[in-house]
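One structure below.
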């Protein structure tokens with residue numbers, strides 16, 4: 001499960017370069033003299049407080065290894081292919097920000113995924129201290145939750161462009177369980193594991209005013225490295241467009257991708273997780 005980490009790490013600087021290109025070209029220095037009230041008047045909305053709730057139907061891919069006690073990371077299994085977990089699920093995602101100045105904002109976000117399946121398996125595999133044999137009946141669950149809180153500093157913020165950097169915490173909470181009735185002995189086997197990892201992430205965000213009340217936005221939050229017994233990567237990237245029929249309410253669409261790869265000693269295993277798709281959302285700004 002190491003190859004995907006290298007790929008993500010390699011992509012991060014290229015994504016940052018690409019995302020900073022449009023704001024750099026669009027920036028006009030004299031526009032920075034605007035106050036926050038003037039900026040909001042130019043945008044046609046009041047967005048000191050922004051809250052967004054979306055419903056989406058993403059494509060999910062989950063690879064989990066729960067190793068025998070004290071032995072490495074084990075062999076990863078694809079939960080969607082082997083255990084028939086749904087690879088698409090109706091979900092909700094909450095995100096938003098609070099501005100406490102022209103240049104300063106606090107961003108937050110939350111979503112979770114809770115899936116389960118039951119059925120027989122067509123190949124033998126290792127799960128923790130147990131070997132699950134062919135044709136065993138298996139009950140499995142996989143839960144993933146992400147909660148983020150970041151401080152954002154807008155290097156440029158005027159009625160035409162906002163471009164800034166962020167730093168904060170993204171907490172990843174994952175749990176997986178698998179219990180099987182052995183096909184040959186009838187014995188119940190299984191194990192479960194959980195992990196909570198607070199990731200220190202850095203990010204970039206930008207919003208371009210196409211015309212008053214109509215915006216093009218994108219962001220990237222990323223982490224890679226090792227800390228306190230765990231190592232891994234996180235890349236959360238999205239592009240969206242939003243429109244506000246009124247001063248306080250709007251709607252939009254986005255495409256996004258979240259990749260997570262985590263190894264942790266106390267978990268005695270590893271998780272590689274991808275969540276990608278399109279999202280339709282409603283927005284309130286005040």
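Any read-out appearing in this document is the output of simple, stated calculations on the displayed coordinates, not a laboratory observation. Just so we're clear, the structure is a prediction, and the values are computed from it rather than from any experiment. Quick reminder, even Gly has a Cβ in these numbers, built from the backbone with ideal geometry, and neighbours come from all protein chains shown.
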Efficiency of FRET from Cβ geometry, residue 110 and residue 134, R₀ 41 Å, rounded to 0.05: 0.55
Sequence of 237, 179, 137 once ranked by neighbouring C-beta atoms within 10 Å, starting from the fewest: 137, 179, 237
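For the peptides 109-119, 168-178, what is the packing order when you average, over each peptide's residues, the other Cβ atoms within 10 Å and list the highest mean first? The partial results should precede the final answer.
Details: 109-119: 15.0, 168-178: 19.5.
Ranked from most to least packed, the peptides come out as 168-178, 109-119.
Kindly state, to the nearest 0.05, the FRET efficiency for residue 278 paired with residue 165, given R0 = 25 Å and r defined as their beta-carbon distance. Walk me through the numbers on the way to the answer.
On the way: r = 26 Å, r/R0 = 1.05.
The calculated FRET efficiency here is 0.40.
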Contour minus Cα-Cα distance for residue 81 and residue 217 (0.36 nm per residue): 45.5 nm
Taking 181, 33 and counting other C-beta atoms within 10 Å, the order from fewest to most: 33, 181
Residue 147-residue 46 FRET efficiency (beta carbon distance; Förster radius 30 Å; 0.05 resolution): 0.65
Per-q log10 I(q)/I(0), segment 159-200, q = 0.23 Å⁻¹ (Debye; single scatterer per alpha-carbon; no solvent): -0.83
